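We did not get these values from a lab; they are worked out from the coordinates using the rules stated. Nothing here was measured: the structure is a model prediction, and the numbers come from that model. As a convention, Cβ positions derive from the backbone with ideal geometry for all residues, glycine included, and neighbour counts pool all protein chains shown.
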Amino acid sequence: MPKIVDHAEKRRELADAVLRLIARQGLSEITNRTVASEAGCSTGSLTYYFPSREELLLGTLRRAAEIEGDFFRQIHEQHGEDPRRALQLLVERGLPFPPQGVASISIFLDFYAKSTNDAGIREEVASYLANWRRTIARAIRRCQERDAMDPALPVDEIAAEIVALVDGYAIHHLIAGSSGVSDPAEGARLAKGWIERLTAPASPVGP
C-alpha cells in the first residue's frame, strides 16, 4: 500500500525547520540545502512543496503566524480568570526572546520590508498585524469586563499603540544586532510597564 502523506503537515515540518535555522543562524543562511538537511529530506522533496525560496519563506511566515495564534488561544484559555496577566503574557510574546521569538520576528521583519513593493505580501502582512491588534484589543476588553481596567479606555487605540511599541522594540533589537531579550524578567518588566503607562486613568485636567 502506498504511503499516505499529509501534505499540510509536511509543509509545517519544513517551515518549522526554517524557523529553527533562522533562530540558530539567521535568515541569510536559508537555502534549499540547509533546510533540507535540517528537515531530514531531499532538496527535491523540499522544492516539491516550496518551488522557490520566496514561497518557502512565505510558508514559514504563515507557519509562524499559526504558532502565534495557537499560543494566543492557550493564553486566553489558561488565564481567563486573570485577564491582566493574560494581556501581559501576550505582550511578552511579541518580544525577541531567543530562540523562537527571534526567529519569528526575523521572518516577519523580512516580509515587512518586502511588503512595501509587493501588494500580495502587503495584504498578507496587513492581515497578520490586524489580527495582532484584535488579539490585544480583545484582551483589554476582558480586563475591562472584569474591572481590571478603566471601562472608558479607548481600546482599539491602546491596542494599536501596544502593538507598535512591541514591534518597534523587537525590530530595533534585531537591527542593532542584539541576540534578543535573554532575561524573562526583563521582558516581563517591559511588558508590564508599557501596559501600565498606556492604560493608566487620565489625570484630571484643570485647577
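So here's what we get for this one:
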quantity: Gaussian network model of the chain, Cα within-10 Å springs - most flexible of Arg85, Arg189, Arg20; calculated: Arg189
quantity: 3J(HN,Hα) from dihedral phi, the range 164-171, Karplus parametrisation 6.51/-1.76/1.60, rounded to Hz, x for glycine, proline; calculated: 5, 4, 5, 5, x, 4, 5, 5
quantity: Phi to ³J(HN,Hα) by Karplus 6.51 cos²θ - 1.76 cosθ + 1.60 over the range 124-140, Hz, x for Gly, Pro; calculated: 5, 5, 4, 5, 4, 5, 4, 5, 4, 5, 4, 4, 5, 4, 4, 5, 5
quantity: Listed residues Ala185, Ala39, Ala15, most fluctuating in the chain (Gaussian network, C-alpha, under 10 Å); calculated: Ala185
quantity: Angle between the chain longest axis and helix 100-115 axis [Cα atoms, degrees, rounded to 10]; calculated: 80 degrees
quantity: ³J(HN,Hα) computed for each position of the range 66-75 - Karplus, 6.51 cos²θ - 1.76 cosθ + 1.60, integer Hz, glycine/proline x; calculated: 5, 4, 4, x, 4, 5, 4, 5, 4, 4
quantity: Label point distance in nm, Asn32-Ser52, each placed 7 Å from Cα along Cα→Cβ; calculated: 1.4 nm
quantity: C-alpha long axis of helix 7-25 to longest principal axis of the chain, angle in °; calculated: 70 degrees
quantity: Exposure proxy ranking, count of Cβ atoms within 10 Å, fewest first, for Phe71, Phe111; calculated: Phe71, Phe111
